[in-house]
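Visitor: One structure is given below, represented as structure tokens, and several questions about it will come after.
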Amino acid sequence: MQEEDLVELKFRLYDGSDIGPIRYSSSSTVAMLKERIISEWPRDKKIAPKVANDVKLISAGKVLENGTTIAQCRSPFGELPAGVITMHVVVQPTLTKTKTEKKVDELPKKKTCSCSCSIL
């Protein structure tokens, strides 16, 4: 792999701590980065992703799609040639419905009067 094909990334977690910096090929996909983040996730964190879909990566204010490569999501301006790119990590665990949750349709409906007559 040529040196110029490598991109140095670090991942900023919700509490301000970082994973990395780690060098990746510019052809690596966001899905590959997410898998690496899950494997490197600090064990002492209360919130932790279980699968890649639990992780959202944000770079330059944009949520990155799984099929996008690092080369495609690099910001064209403001980067130093040897600089480390910081991507922000948001954990959104997949919600599973518990037995105590009810759909809005299942909740009891309030009966209200909608008349607008006035008594003289």
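The values are calculated or read from the model by the stated rules, or taken from the named source; none is laboratory data. Computed from a predicted structure; not experimentally measured. Glycine also receives a Cβ, built like all others from the backbone with ideal geometry; neighbour counts cover every protein chain displayed. Calculation scope for accessible area: heavy atoms of the full protein, side chains included, ligands and nucleic acids excluded. Shrake-Rupley method; radii C 1.70, N 1.55, O 1.52, S 1.80 Å.
Visitor: Got at least one residue in the range 86-107 being of a type in the set (A, V, I, L, M), open to solvent by 70 Å² or more (accessible area, probe 1.4 Å), modelled with pLDDT of 85 or more and not in a helix (DSSP H, G or I)?
Guide: Taking the range 86-107 first, the residues of a type in the set (A, V, I, L, M) are 87, 89-91, 95, 104, 107.
Checking which are open to solvent by 70 Å² or more (accessible area, probe 1.4 Å) leaves us with 95, 104, 107.
If we keep only those that are modelled with pLDDT of 85 or more too, we end up with none.
Within the range 86-107 (the criterion being of a type in the set (A, V, I, L, M), open to solvent by 70 Å² or more (accessible area, probe 1.4 Å), modelled with pLDDT of 85 or more and not in a helix (DSSP H, G or I)), the answer is no, since none of the residues qualifies.
Visitor: When both residues are 6+ apart or on different chains and their Cβ atoms are under 9 Å apart, which pairs have a first residue that lies in the range 55-83 and is within 17 Å of Asp18 (Cβ to Cβ), and a second that is at pLDDT below 85?
Guide: Leu57/Cys73; Ser59/Cys73; Ser59/Arg74; Ser59/Ser75
Visitor: Taking only the range 54-63 into account, find how many residues are over 8 Å from the mean Cα position of the chain (by Cα) and under 13 Å from Leu33 (Cα atoms).
Guide: Going through the range 54-63 one residue at a time, the tally reaches 1.
Visitor: Filter the range 54-76 down to the residues that are closer than 11 Å to Val91 by Cβ and open to solvent by 50 Å² or more (accessible area, probe 1.4 Å) and list them by number.
Guide: Passing the criteria: only Lys56.
Visitor: Can you run down the residue pairs with Cβ atoms below 7 Å, 6 or more apart or on separate chains, where the first is in the range 15-38 and under 12 Å from Leu57 (Cα atoms) and the partner is assigned to a strand (DSSP E or B) and polar (S, T, N, Q)?
Guide: Filtered contacts from the range 15-38: Thr29/Thr69.
Visitor: Looking only at residues in the range 21-38 that are in a strand (DSSP E or B) and open to solvent by 40 Å² or more (accessible area, probe 1.4 Å), which one is farthest from Gly67 (Cα to Cα)?
Guide: It comes out as Pro21.
Visitor: Among the numbered criteria (1) in contact with a Ser or Thr (Cβ under 6 Å, 6 or more places away or on another chain); (2) open to solvent by less than 50 Å² (accessible area, probe 1.4 Å); (3) of a type in the set (A, V, I, L, M, F, W, C), which one does Trp41 miss?
Guide: In the conditions (1) in contact with a Ser or Thr (Cβ under 6 Å, 6 or more places away or on another chain); (2) open to solvent by less than 50 Å² (accessible area, probe 1.4 Å); (3) of a type in the set (A, V, I, L, M, F, W, C), Trp41 misses (1) alone.
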